[in-house]
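First up is the structure itself, then whatever we jot down about it.
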Amino acid sequence: MPNRPKESYAVEPRKLPSGHWKGRVVRYDSETGKRHECTQTFDTKKDAKNWAEKEAAQYRDDPNRKPPSEETLGAYLNRWLNDVAAGRIRDTTLIAYRRYVKPVTTRAIAQKPLKSLTALDLQGVYTEMTKAGKAAMTVRHTHTVVREALSDAVEWGMIPFNPADRSKPPKKTTAPVETAPTPDEARNLLEEADSHRLKALWYLLALSGCRRGEALGLRWSDIDESKRIIYIQRSLTSDGSLRSIHEPKTAQGRRTLAITPYLLELLNQHQHQQKLERLAQGVVWKNDDGYVFVTRSGGLLWPNTVWATFKRLLKRAGLRHDIRIHDLRHAMASFWLANGVPIKIVSERLGHANISITLQIYGHLLPNMQEQATADMEEAFLGKRAADGPQKHPKTP
């Protein structure tokens, strides 16, 4: 190879045994003069060559750019979680992040230097996770966290590009709503809940469309009796042994929910019951922050405990065991849409970040609404003729 100036230049692509082509770029550290080679795998020689030339040119335009990092992917992800992500996200979210990157940090790919990481390496992890039975959404969560971490690495000059941008996790799957209880099932569940200490909680979840964490984070000060509305301002979540209360993630999550006089009366009855429990507990009462749904001694409820209680209610009511607490939201939304409530109103009620989320989950219900709307329009435009059908006219000779 002829002598070249100590700058970045593209090397002729190399064909791999797999049939793919490896694009190659040589770079030199502006301070030490040390040579580094950066590679990326492509389907065609042309793509590999174009990438190499583009990367080399970008590096030459920025001579102060740092060389690719020698740090391994696993070491970097752990450092990123502890030093970067921990300062950006909630404690419970950080725990989830650690869970999502575990399939990466516990595989051989974790020992690969950042500078050598390719989209195919990540694709292999996604494929292994899928074959192991992981849900598509779980794999996508792993992809999202890794991509965020590697985006920071690009910004800090540790790697020239983000290989996660070129990998393809499984496609999104529509959130299941088939397990949502029917109106009859919901009625049976609430009848079973009539004798339960947290009767008001189950009615609130079924009739308001709020999430479990939002209900558990509700305070008495969030209920406006005169306007018959409740304010959703926080949520209680848990992950393992960690439990936290935080504000909604989006502005749409902070919202007001109209409630019926019936539900308001149930909440009033629950408040009276809570006052009696407080008197019975005396100085050991723990609920000084005024939460609506607490233990008998005033402590915050654990979401998993609420879930276990819900399962027992299902069993006593003789209902399907696959119904989830979250399905009560699905039941409310499905009922509203089936009865002609505009999807924008349903989206606001559910606290979705945008209407596209609502459409993704409940869009399959809209064709039935279109059919009814079409029939109503025809009746309005044609009147009696719609019922009689189009009149037949004799053919013109």
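The values are calculated or read from the model by the stated rules, or taken from the named source; none is laboratory data. Just so it is clear, the structure is predicted and the values come from calculations on it, not from any experiment. Glycine gets a Cβ as well: all are built from the backbone with ideal geometry, and neighbour counts include every protein chain shown.
Pairs needed: first member in region 30-57, within 20 Å of PRO113 (Cα to Cα) and of a type in the set (Asp, Glu); second member anywhere, modelled with pLDDT of 80 or more and in a loop (DSSP other than H, G, I, E, B); C-beta distance under 8 Å; at least 6 residues apart or different chains.
These pairs meet every condition: GLU55/PRO160; GLU55/PHE161.
Can you tell me which of VAL294, VAL284 is in contact with a strand residue (DSSP E or B) (Cβ under 9 Å, 6 or more places away or on another chain), in the same structural domain as HIS196 (by TED's automatic domain parsing) and among the β-branched types (Val, Ile, Thr)?
VAL294
Is one or more of the residues making up region 189-210 of a type in the set (Phe, Trp, Tyr), part of a loop (DSSP other than H, G, I, E, B) and out of contact with any Asp or Glu (no Cβ under 8 Å at 6 or more places or on another chain)?
Scanning region 189-210, I find no residue that is of a type in the set (Phe, Trp, Tyr), part of a loop (DSSP other than H, G, I, E, B) and out of contact with any Asp or Glu (no Cβ under 8 Å at 6 or more places or on another chain), so the answer is no.
Among the residues of region 342-349, are any β-branched (Val, Ile, Thr) and loosely packed, with under 15 Cβ neighbours inside 10 Å?
For region 342-349, residues β-branched (Val, Ile, Thr) and loosely packed, with under 15 Cβ neighbours inside 10 Å: present.
Do you know which residues across region 111-132 are exposed (fewer than 15 other Cβ atoms within 10 Å of the Cβ) and touching a Leu at 6+ places or on another chain (Cβ under 8 Å)?
Matches in region 111-132: GLN111 only.
Only residues that are of a type in the set (S, T, N, Q), assigned to a loop (DSSP other than H, G, I, E, B) and within 27 Å of the chain's Cα centre (by Cα): list them for region 251-287, please.
Answer for region 251-287, where residues must be of a type in the set (S, T, N, Q), assigned to a loop (DSSP other than H, G, I, E, B) and within 27 Å of the chain's Cα centre (by Cα): just GLN252.
Can you say whether ALA108 is modelled with pLDDT under 90, hydrophobic (A, V, I, L, M, F, W, C) and loosely packed, with under 15 Cβ neighbours inside 10 Å, as far as the supplied structure shows?
Taking the combined requirement at face value, the residue does not satisfy it.
Looking at the structure I just gave you, is TRP80 modelled with pLDDT of 80 or more, crowded, with 19+ Cβ neighbours inside 10 Å, out of contact with any Cys (no Cβ under 9 Å at 6 or more places or on another chain) and in the same structural domain as LEU150 (by TED's automatic domain parsing)?
yes
Restricting the search to region 288-324, which residues are out of contact with any Gly (no Cβ under 8 Å at 6 or more places or on another chain), in contact (Cβ under 8 Å) with a residue 12 or more places away in the chain and not in a loop (DSSP other than H, G, I, E, B)?
VAL294, LEU300, ASN304, VAL306, TRP307, THR309, PHE310, LEU313, LEU314, ARG316, ALA317
Scan region 279-309 for residues that are surrounded by 17 or more Cβ atoms within 10 Å (Cβ to Cβ) and among the charged types (D, E, K, R) and jot them down.
none
Could you check region 115-144 and list, in sequence order, the residues that are out of contact with any Lys or Arg (no Cβ under 8 Å at 6 or more places or on another chain), at pLDDT 90 or above, closer than 29 Å to VAL26 by Cα and part of a helix (DSSP H, G or I)?
Passing the criteria: LEU120, LEU122, GLY124, HIS143.
Considering LEU190, LEU205, which residue is touching a residue at least 40 places away in the same chain (Cβ under 8 Å) and of a type in the set (A, V, I, L, M, F, W, C)?
None of the others qualify; the one that does is LEU205.
Is at least one residue of region 163-173 over 30 Å from GLU348 (Cβ atoms), crowded, with 20+ Cβ neighbours inside 10 Å and in contact (Cβ under 8 Å) with a residue 60 or more places away in the chain?
Checked region 163-173: at least one residue is over 30 Å from GLU348 (Cβ atoms), crowded, with 20+ Cβ neighbours inside 10 Å and in contact (Cβ under 8 Å) with a residue 60 or more places away in the chain.
Looking only at region 148-166, which residues are at pLDDT 90 or above and out of contact with any Ser or Thr (no Cβ under 9 Å at 6 or more places or on another chain)?
Answer for region 148-166, where residues must be at pLDDT 90 or above and out of contact with any Ser or Thr (no Cβ under 9 Å at 6 or more places or on another chain): GLU148, ALA149, LEU150, SER151, ASP152.
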